[in-house]
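Below is one structure, written out as structure tokens; comments come after it.
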Amino acid sequence: MKASDLFVKCLETEGIEYIFGVPGEENADFMMSLEKSEQIKFILTRHEQGAAFMAEVYGRLTGNPAGCLGTLGPGATNLITGVADSNMDRSPMLVLTGQGASTRLHKESHQVMDVVAMFKPVTKWAQTILHANNIPEIVRKAVRLARTEKPGACHIELPEDIAKHNTDEKPMTVQRFRRPVADDKVVDQAFAKIKQAKHPIIIAGNGCIRKRASKQLRDFCEKARIGVISTFMAKGCVDMDADYCLYTVGLQAKDVVACAIDAADLVITLGYDMVEYHPHLWNKSGDKEIVHIDFLPCEIDSHYHPQTEVVGDLAHTLWMLNQRVDANGGLGFDLKQQAATRRDIIAELELHKDDDSVGKLKPQKVLWDVRQLMGAQDILLSDVGAHKMWIARHYQCHEPNTCLIPNGFCSMGFALPGAIAAAMVHPDRRILAICGDAGFMMNVQEMETARRYNVNIVIMVWEDKEYGLIAWKQQNEFGHHTDLSFNSPDWNQLADAFGWRGHVVDKTSGLIPTLESAFNEDGPSLVVVPIDYAENMKLTERLGNISCPI
């Protein structure tokens, strides 16, 4: 068969369901082959970056890679920000790019650049196909690496002349392997440290949102009652209503939840990833007793030097600890600090729940109302900006992967295209994306994609007419900020131009009915909220005067 046909058949064998992207001339043979596939859906996007964010969200929600596709040159460079975001947020992804004929790659040539070299720093693996017979091996390796902990992006480049070659090769059989598990003796060492502790605490990272890991973590906490603090991307690893859930950590300034870490005599990190929340923020002196439990050995850092490392499948390690807790007849800890911390955080979350502002809405109240409306399995996506900090602090979750925050590479423009993919994966759930007015406009063209595929999503834009997070940080450090302001479009006209329903809410009392109406509308809806970011500096002042509960 033709090489491009074999490429598609290999992707089908791997169970690939979606490829998002913008094709070019150099993808022509691949696209003709893909058109014949009854399994893989090609989603035509309006920009390659949007395609990469869609593939990222598909990967985060399913644990399996989707493809994002671009042509050579500018198509490939447009993909790179979304690819980097996926790779650093540990989402499996296949990056598929075309290339000029292999006969002209050695010299100056129209649109030709070394795309593989460009993608190497932002992927787990990048490779060009130089012979049609190598396609099965390359696809098998790329998918396996993309799925393997820590998951990430893998890039495959197909030159246009290679795509036309004939080959007798067939797809390789997909074979899954069981992850290595931790050694019994090391788990015994970790359990001994846990037993000896009086005030242990768990910091759960994004490794804990894998389904099996979350289930075993909840079982462990039901038995041991140790408090769990999650990073931004680990939200929902334990239920927000559980008395051992101490919500989220990750702000640069000291928050109430940090008090529980300060009081702990043992920190148990589970699936913790340094790209989210650097240990110097919670272990400034570098003297905390730490047990590291993860799929991989820990990153080397002077503020993160665990005395015990339990390396292996995270869910299996937690299962082994659960066995030891059962055999021990339970564990007894002093959890008064944990209970006081949870009490104080709940008070923070409820502080503005009855606010009735007009004109500009308080972020705390908006998120309180959103949480009341969203079901346990519904999905909220956050873009990047000041709103992300408020979502991280004030929007809590019942289930894993129901709040998607880009917190490794932290790319603006993530939420709108991401919401489109989320709606395709879970068309039965409410999908809400919260964006700043800056981040929303970075991929505003995907409004057309959402309308064309008629996905049921609601995009909420918090309008402050400036780059609010940068203003917040400059104000905090220098006492003023540079000019970061810009103008907004007429939001209802913008919605109408793309065939969306549009709503502007400037009264707190109108938020819940407007959102309910938007969720019940067919297709995509836009809800714009003028936001009161005077609360940013108030929060900074509040965090600067945190007094830990006793």
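Note on the stretch 139-163: among residues that are under 30 Å from the mean Cα position of the chain (by Cα) and closer than 20 Å to ALA28 by Cα, the one that is surrounded by the most Cβ atoms within 10 Å (Cβ to Cβ) is HIS155.
Give me a count of the residues in the stretch 102-147 that are modelled with pLDDT under 95 and of a type in the set (S, T, N, Q). Total meeting the criteria: 4. Only residues that are touching a Phe, Trp or Tyr at 6+ places or on another chain (Cβ under 8 Å) and either among the charged types (D, E, K, R) or modelled with pLDDT of 90 or more (or both) were counted in the stretch 241-256, giving 2.
So which residues in the stretch 103-126 are of a type outside the set (A, V, I, L, M), more than 25 Å from the chain's Cα centre (by Cα) and not in a loop (DSSP other than H, G, I, E, B), if there are any at all?
To start, the set of residues in the stretch 103-126 that are of a type outside the set (A, V, I, L, M) comprises 103-104, 106-111, 114, 119-121, 123-125.
Okay, now just the ones that are also more than 25 Å from the chain's Cα centre (by Cα), so 103-104, 106-111, 114.
Within the stretch 103-126, THR103, ARG104 meet the criteria.
Of the residues making up the stretch 489-531, those that are surrounded by 15 or more Cβ atoms within 10 Å (Cβ to Cβ), in a loop (DSSP other than H, G, I, E, B) and in contact with a strand residue (DSSP E or B) (Cβ under 6 Å, 6 or more places away or on another chain) are TRP500, VAL505, ASP506. Within the stretch 412-437, the set of residues being in contact with an Asp or Glu (Cβ under 7 Å, 6 or more places away or on another chain), surrounded by fewer than 24 Cβ atoms within 10 Å (Cβ to Cβ) and either free of Cβ contacts under 8 Å to residues at least 60 places away in the same chain or over 21 Å from ASN456 (Cα atoms) (or both) comprises MET412, ARG429.
Residue-wise test of (1) touching a residue at least 60 places away in the same chain (Cβ under 8 Å); (2) in a helix (DSSP H, G or I).
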residue: GLU276; (1), (2): yes, no
residue: ASP287; (1), (2): no, no
residue: HIS292; (1), (2): no, no
residue: PRO297; (1), (2): no, no
residue: ILE345; (1), (2): yes, yes
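Among the candidates ALA146, ALA153, ALA204, ALA163, the residue that is closer than 17 Å to HIS316 by Cβ and of a type in the set (Gly, Ala, Ser) is uniquely ALA204. Each residue in the stretch 214-237 was checked for being more than 17 Å from the chain's Cα centre (by Cα) and more than 16 Å from PHE333 (Cα to Cα), and 6 of them qualify. Listed by first and then second residue, the pairs with beta-carbon distance under 6 Å, at least 6 apart or on different chains, first residue in the stretch 469-485 and over 14 Å from LYS388 (Cα atoms), second among the aromatic types (Phe, Trp, Tyr), are LEU484/TYR467. Within the stretch 384-404, the presence of a residue that is of a type outside the set (Gly, Ala, Ser) and free of Cβ contacts under 8 Å to residues at least 12 places away in the same chain is excluded.
The values are calculated or read from the model by the stated rules, or taken from the named source; none is laboratory data. No experiment lies behind these values; they were computed from the predicted model shown. Please note: Cβ atoms are built from the backbone with ideal geometry, for glycine as well, and neighbour counts cover all protein chains shown.
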